[in-house]
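Enquirer: Have a look at the structure that comes next, please.
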Amino acid sequence: MEIEKIQRFLKNKHKFDRKKEDFEIIEDIKKNSNKICNLIKKNNIESLDTAIASFILELIKVCNIYEFDLPKVIKEKLNYGL
């Protein structure tokens, strides 16, 4: 599954990074979310794919911070067979 590869890659890449404070995590998520909302409002579809990808990567980083196995959560808790 590709999500596993991405999550593992990001975990290894950011292994030695300083641990973010909760407010920093929240601000990063808000920033990415607001960017998506603004692009939709402006009907700037050309840039929307990059903004969504950045948002997804930020969420995967959050999963790594809290040590969530994202594919397992999607499969077992959301009952979404991947």
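Enquirer: Scan 55, 68, 23 and give me the residue that is at pLDDT 95 or above and aromatic (Phe, Trp, Tyr). Quick ask: steps written out before the conclusion?
Expert: Working: 68 fails: at pLDDT 95 or above; 23 fails: at pLDDT 95 or above.
Of the residues listed, the single one that is at pLDDT 95 or above and aromatic (Phe, Trp, Tyr) is 55.
Enquirer: List pairs: first residue in the range 55-82 and in contact (Cβ under 8 Å) with a residue 60 or more places away in the chain, second residue not in a loop (DSSP other than H, G, I, E, B) anywhere in the structure, Cβ distance under 6 angstrom, at least six positions apart or on different chains.
Expert: These pairs meet every condition: 70/3; 70/7; 70/63; 71/3; 71/4; 82/75.
Enquirer: Within the group 43, 79, 34, which residue is assigned to a helix (DSSP H, G or I) and exposed (fewer than 15 other Cβ atoms within 10 Å of the Cβ)? Spell out the reasoning first.
Expert: Values: 43 fails: assigned to a helix (DSSP H, G or I); 79 fails: assigned to a helix (DSSP H, G or I).
One residue alone meets the criteria, 34.
Enquirer: If you don't mind, another one. If you scan the range 46-76, which residues turn out to be over 12 Å from the mean Cα position of the chain (by Cα), within 21 Å of residue 6 (Cα to Cα) and in a helix (DSSP H, G or I)?
Expert: Across the range 46-76, the qualifying residues are 48, 49, 50, 71, 72, 73, 74, 75, 76.
Enquirer: Looking at the range 10-27 only, could you name the residues that are surrounded by 12 or more Cβ atoms within 10 Å (Cβ to Cβ) and under 21 Å from residue 69 (Cβ atoms)? Let's see the steps before the verdict.
Expert: Within the range 10-27, the first condition is being surrounded by 12 or more Cβ atoms within 10 Å (Cβ to Cβ), and the residues that meet it are 10-11, 14, 20, 25-27.
If the condition is that a residue be surrounded by 12 or more Cβ atoms within 10 Å (Cβ to Cβ) and under 21 Å from residue 69 (Cβ atoms), then 10, 11, 14, 20, 25 are the ones that fit.
Enquirer: Right, something else. Which of the numbered conditions does residue 24 fail, given that it passes all the others? Conditions: (1) farther than 24 Å from residue 2 by Cα; (2) free of Cβ contacts under 8 Å to residues at least 40 places away in the same chain; (3) in a loop (DSSP other than H, G, I, E, B).
Expert: Failed condition: (3).
Enquirer: I need the full set of residues from the range 41-62 which are among the hydroxyl-bearing types (Ser, Thr, Tyr) and either more than 23 Å from residue 18 (Cα to Cα) or touching a Gly at 6+ places or on another chain (Cβ under 8 Å) (or both), in order please.
Expert: Applying the first criterion (among the hydroxyl-bearing types (Ser, Thr, Tyr)) to the range 41-62 yields 47, 50, 54.
47, 50, listed by residue number.
The values are calculated or read from the model by the stated rules, or taken from the named source; none is laboratory data. What you see is a predicted model, and the numbers here were worked out from it, not measured in a lab. Neighbour counts run over all protein chains shown; Cβ positions are idealised from the backbone, glycine included.
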